[in-house]
Amino acid sequence: IEQSISEQKEQLWDDGGIMITLEDLADRAAWWEKFNQANPYFVRSEEAKNAQHSLIFMLICGADNTPVFTGEPAALSDNFKKAWAYIQQKYAGTELGRSVKEMSDLVTAAGGKRTKAVETLMEKYMTQ
């Protein structure tokens, strides 16, 4: 409950954009992942799992006004590139780290561009 209250005090969204740093977003996602692993029978576990997955989703797919890819052709934004490196260093071995590594590796293989394969992986996270 303390984590939820803390997160509510600092606005996450505004007008379809992420208002906190992507690194702070990653720290929140990692916190929820750790909490969910330590408390599998928590009475509000569905909400806790949704918090974790929605944060991972934002770190992989971005938001309307905080896109992962910018410009033409669509190239990986510097903010997401930096955040993904932070996550892979700090949270390697976690679900968050594995998810971001999967996306980062695919984007790197595509030369930092948004390709059909990248879009397919993003769609996977949109439907989870």
Share of carbon and sulfur in the accessible heavy-atom surface of segment 56-108 [1.4 Å probe, %]: 50
So the angle from the long Cα axis of helix 22-38 to the longest Cα principal axis of the chain, reported in degrees to the nearest 10, equals 50
Over the chain, volume per residue of the alpha carbon convex hull, in Å³: 104
Return a single number: how many Lys pairs in the chain, at a sequence separation of 8 or more or on separate chains, have alpha-carbon atoms below 13 angstrom apart. 7
Looking at segment 30-82, which chymotrypsin sites (Phe, Trp or Tyr not before Pro) are DSSP coil and have at most 14 other C-beta atoms within 10 Å of their C-beta? Tyr41, Phe42
Using the alpha-carbon atoms, what tilt in degrees (0 to 90, nearest 10) does helix 78-90 show relative to the longest principal axis of the chain? 50
Show that you can apply the helix-only estimate: for the chain, add -39,500 (n - 2.57) for every DSSP H stretch of four or more residues, divide by all residues, and state [θ] at 222 nm to the nearest 500. -20500 deg cm²/dmol
With every protein chain present, what is the per residue accessible area of the chain (1.4 Å probe, Å²)? 60
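The values are calculated or read from the model by the stated rules, or taken from the named source; none is laboratory data. Everything numeric here is computed off the predicted structure, so don't read it as measured data. Glycine gets a Cβ as well: all are built from the backbone with ideal geometry, and neighbour counts include every protein chain shown. The protein model used for the area step is the full one, side chains on, heavy atoms only, and it has no ligands, DNA or RNA in it. Shrake-Rupley method; radii C 1.70, N 1.55, O 1.52, S 1.80 Å.
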